[in-house]
Amino acid sequence: MDRTNALMEEASSLIYKETSNAQLRAFIFYPEGHSETDQRTAISFFSAGVWDNCMLSQFAPHCLHFRNRGAVAVIFEYREISKHHITPLEAVSDARSAMRWLRMNHDALGVHPDRLVACGASGGAHLCLSTAMLNGYDEPSEPLEVSCSPNALGLFSPIVDTTKKGVGIELFRDPKEAKQTSPTQNIRKGLPPSVLFQGTHDRVVDAGAVAKFQRVMKRKKNACDLQTYNREGHSFFNFNFNMQHFESTLNTLDRFLVDLDFLPVNDEDDGSNRLAS
């Protein structure tokens, strides 16, 4: 954890949103030689947690990888339940603000407005889905003519269901609100291409629910790939948890973005495990 926290020092920090109870920052990892005239892919990360107790540096190793691959990588803060006394929907609003801020400021940041990728884990993955699937839940002052939907999604151990069969219904203002905003209830045609990573022995997110989510996504003609990891739990993909799975999921996400022409081919990825054996 100390190592990943130290990696955050390599990022620039900007405030992307101010609310009555928070100043929310974007931590930006620029590639070497980057300039505002560039039109690079931007890959954003929303940390794990059930909308609470997030470790901001969780995706710092991912950011360094994608920075070295020529993308602009960003870690976004969002409001948390115990710290800011909010519900998940305020966090949804923050994620929507973050992606809209990224698109609105693409010229100053040197990124392409149509190559924005949103990645997250657990509750952070739920926020990514909410930026693409929901209508509304925006701040009153937001310029709604600017889309907050990303162009691709990378989701780790994602909370895809907030109904009574899923995760976190008790954290919403009422069960109806939790159901109406659940990703499982908002699948439609035309959603961004996505790749999902899920352990079969996850005690937070039901692996069967994620598999069903992927099936319905494909039934609606959305490009949605699911990578399952046998006998692995909720945090299997993290840098500090399992080096092999960290590398495997990272390379799969990288190839997913290569296939979308968001990144060039990675000549260093030959399919072998280089970080751990």
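Here are the numbers:
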{"read-out": "Most to least accessible of C54, C148 (protein chains only, probe 1.4 Å)", "value": "C54, C148"}
{"read-out": "Neighbour count of at most 13 Cβ within 10 Å plus DSSP loop: longest trypsin sites (Lys or Arg not before Pro)-free window in the chain", "value": "1-163"}
{"read-out": "Vicinal HN-Hα couplings computed from phi for segment 41-58 (Karplus, 6.51 cos²θ - 1.76 cosθ + 1.60; Hz; Gly/Pro x)", "value": "5, 10, 10, 9, 10, 10, 5, 6, x, 7, 6, 6, 6, 7, 9, 4, 7, 3"}
{"read-out": "Antiparallel bridges, percent of DSSP beta bridges restricted to segment 26-122 (to nearest 5)", "value": "30 percent"}
{"read-out": "For segment 128-262: relative contact order, % (alpha-carbon pairs under 8 angstrom, 6 or more apart)", "value": "22 percent"}
{"read-out": "Cα gyration tensor shape of the chain, rounded if a/c is under 1.5, else prolate or oblate by comparing a/b with b/c", "value": "rounded"}
{"read-out": "Three-way shape label, segment 106-210, alpha-carbon gyration tensor, a/c 1.5", "value": "oblate"}
{"read-out": "Shape call, segment 1-143: gyration tensor on alpha carbons, a/c limit 1.5", "value": "oblate"}
{"read-out": "Sequence-distant residues sharing a close amide H with F45 (under 5 Å, placed H)", "value": "V74, I75, F76, C119"}
{"read-out": "Sequence-distant residues sharing a close amide H with T19 (under 5 Å, placed H)", "value": "L24"}
{"read-out": "Protein-only accessible surface order, largest first, of T228, T184 at 1.4 Å", "value": "T228, T184"}
{"read-out": "Relative contact order for segment 68-137, counting Cα pairs under 8 Å that sit 6 or more residues apart, in percent", "value": "29 percent"}
{"read-out": "Label-point separation, T19 to V216 (7 Å along Cα→Cβ), nm", "value": "2.6 nm"}
{"read-out": "Computed FRET value (nearest 0.05) for K176 with E9, which takes r as the C-beta separation and R₀ as 35 Å", "value": "0.20"}
{"read-out": "Estimated distance in nm for a label pair at R188 and A223, the labels positioned 7 Å out from Cα along Cα-to-Cβ", "value": "2.1 nm"}
{"read-out": "For segment 121-149 versus segment 58-102, the gap between their alpha-carbon centres in whole angstrom", "value": "12 Å"}
{"read-out": "Which of E268, E32, E232, E145 is most accessible, then next, and so on - probe 1.4 Å", "value": "E32, E145, E268, E232"}
{"read-out": "Antiparallel bridge percentage (DSSP; both residues within the chain; nearest 5)", "value": "30 percent"}
{"read-out": "Length-normalised contact order of the chain in % [C-alpha pairs under 8 Å, at least 6 apart]", "value": "15 percent"}
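The values are calculated or read from the model by the stated rules, or taken from the named source; none is laboratory data. Just so we're clear, the structure is a prediction, and the values are computed from it rather than from any experiment. Cβ sites come from the backbone with ideal geometry, for glycine too, and all protein chains shown count toward neighbours. Accessible surface is based on the protein model in full, side chains and every heavy atom, while ligands, DNA and RNA are left aside. Shrake-Rupley method; radii C 1.70, N 1.55, O 1.52, S 1.80 Å.
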